[in-house]
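Presented below is the structure to which this report refers.
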Amino acid sequence: MELRWDKNRAKLRSLAERLQLDAIILMGAPNITYATGIREPTGAMVITRGCGDYIMTSVLDYNRVQFMAPKDVEVKASYRREGEASVGTEMVPSSDLLQGELSDAIRWVLSRCNAKSVGADFSWVTHDMYRVLSSLEAKDVSPDIAKLRAIKDDWEIEAIRASIAAAETAFRDAVEVLEQNPTEQEVEAAFYSSLMRQGAWGEAFPTIVAFYEHTALPHHTPTSTRLSRPGPVLIDFGANMTGYMSDTTRTLWHGQGGAEFRKLIELVAEAQAAAIDVMGPGVELRDPDMASRKVLARERLDGFYNHGLGHGVGVEIHEEPYLSPNSKGTLEPGMVVTAEPGFYIPGVHGVRVEDMVLITNKGARFLTTLSRIIA
């Protein structure tokens, strides 16, 4: 699998051209990863139309970022003359040292490139940086970048498939541990350990492992609760492989009995299928969500369904588009979204079934390969 981060930078450059901007300032680690493939980047990045691309980071992080940065991206280190921030400047070539704050480094790049019209993703900026960008009369291009990231190229889809494959392997390893009467935390540890053995960057998000009545907590944090008797188990899991994420949930009954609970899992799987059947290019974002709610309403469980059907997944675990009753916009080919209907009865149990699907020219295609019903 070839990772083509240069194509993402080209899309950002095309965005700048379309909006008649000389440069786009990227704040936020996911945006910089999207443009470069750098793991956990720091600082800021400037994409210019004709003057190259630059990352401005700290003296502390310069060598790490420089090591991972694409060869055609310049890395600069900003430092302050006073205090600890000036320590270690001998580790950075003098040509890459820029005295001042991060904002000064950004101004230096813009001046060097004679960039007059500037855009930035304001959704990531601090209050101080907001004032700096405002003084530059920067245009907020956060909706444009979000839309750009929402439509995946073929290579991005393959990267997501690799993330899904790693997560599914780790899930199988974690499920095997259930036979040992583990705690929720021990199951999470088994999942994480498997991911790291596969070379993942890590979990896409803190893995949710819930036993018994904890399954009714949509964002439960694993505890020392032990699987000591038959009952429901919910595992919400994902991997971060080379910067692209995955997101899947499976609910199962562990041990003897559970026939009635398994019927509830099948009902939620039916709600998910109804949602996916509706998906396709041009479909209103709220329509798949509403289709899933109609299925749960048959059993009067829609009142316990307290989140949207799904969301986009890419270099962030939650990104555009969002599929909820109040969502605006339509699905488009190349979008990768989750379909995760569920219901949660406090103090009793909950059920969620989540898969990732790709919107195609004709409809939607499963990317997840796991069976939705785990025996």
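The values are calculated or read from the model by the stated rules, or taken from the named source; none is laboratory data. This structure is a prediction, so every number in the text was calculated from the model and none was measured. Positions of Cβ are generated from backbone atoms using ideal geometry, with glycine treated the same way; all protein chains shown enter the neighbour counts.
Quick notes on this structure:
- Residue count for region 16-28 under the criterion of being more than 18 Å from Asp72 (Cβ to Cβ) and among the hydrophobic types (A, V, I, L, M, F, W, C): the result is 4.
- Sole residue being in a loop (DSSP other than H, G, I, E, B), assigned by TED's automatic domain parsing to the domain that holds Pro230 and at pLDDT 95 or above, chosen from Gly350, Gly314: Gly314
- Candidates Ser123, Ser163, filtered to the one that is of a type outside the set (Asp, Glu), surrounded by fewer than 19 Cβ atoms within 10 Å (Cβ to Cβ) and either modelled with pLDDT of 95 or more or not assigned by TED's automatic domain parsing to the domain that holds Val313 (or both): Ser123
- Where a residue in region 194-212 is closer than 30 Å to Gln256 by Cβ and its partner, wherever it lies, is assigned to a helix (DSSP H, G or I), with Cβ under 6 Å and at least six apart: Ser194/Ala170; Ser194/Asp173; Thr207/Glu188; Thr207/Phe191; Val209/Glu184; Val209/Val187; Val209/Glu188; Phe211/Glu184
- For region 192-211, the set of residues classified as closer than 16 Å to Asp247 by Cα and either part of a loop (DSSP other than H, G, I, E, B) or modelled with pLDDT under 95 (or both) consists of Ala200, Trp201, Ala204, Phe205, Pro206, Thr207, listed by residue number.
- In region 234-260, the residues that are without any contact (Cβ under 8 Å) to a residue 24 or more places away in the chain reach residues that are in a loop (DSSP other than H, G, I, E, B) and of a type in the set (A, V, I, L, M, F, W, C) with C-beta atoms within less than 9 angstrom, at least six apart or across chains, in these pairs: Trp253/Ile374.
- In region 185-222, residue surrounded by the most Cβ atoms within 10 Å (Cβ to Cβ) [restricted to those that are over 17 Å from Gly350 (Cα atoms) and hydroxyl-bearing (Ser, Thr, Tyr)]: Ser194
- The single residue among Arg293, Arg365, Arg300 that is crowded, with 16+ Cβ neighbours inside 10 Å and either of a type in the set (Val, Ile, Thr) or farther than 26 Å from Met27 by Cβ (or both) turns out to be Arg293.
- Criterion violated by Tyr344 - all others in (1) assigned to a strand (DSSP E or B); (2) farther than 25 Å from Val233 by Cα; (3) touching a Gly at 6+ places or on another chain (Cβ under 7 Å) satisfied: (2)
- On the stretch given as region 9-28, residues that are modelled with pLDDT of 95 or more and either within 16 Å of the chain's Cα centre (by Cα) or assigned to a loop (DSSP other than H, G, I, E, B) (or both) total 4.
- Within region 317-341, the residues that satisfy the criterion of being assigned to a loop (DSSP other than H, G, I, E, B), touching a residue at least 24 places away in the same chain (Cβ under 8 Å) and touching a strand residue (DSSP E or B) at 6+ places or on another chain (Cβ under 8 Å) are Ile317, Ser327, Gly329, Leu331, Glu332, Pro333, Gly334, Glu340, Pro341.
Okay, residues lined up against (1) farther than 25 Å from Pro206 by Cα; (2) in contact with a Gly (Cβ under 8 Å, 6 or more places away or on another chain); (3) not in a loop (DSSP other than H, G, I, E, B):
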position	(1), (2), (3)
Pro232	no, yes, yes
Ile235	no, no, yes
Arg250	no, no, yes
Gln256	yes, no, no
Val268	no, yes, yes
Ala271	yes, no, yes
Ala274	yes, no, yes
Pro281	yes, no, no
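- Exactly one residue among Gly282, Gly347, Gly314 is on the phi > 0 side of the Ramachandran plot and within 24 Å of the chain's Cα centre (by Cα), and that residue is Gly282.
- Some residue of region 95-113 being out of contact with any Asp or Glu (no Cβ under 8 Å at 6 or more places or on another chain), in a loop (DSSP other than H, G, I, E, B) and either β-branched (Val, Ile, Thr) or at positive phi (or both): yes
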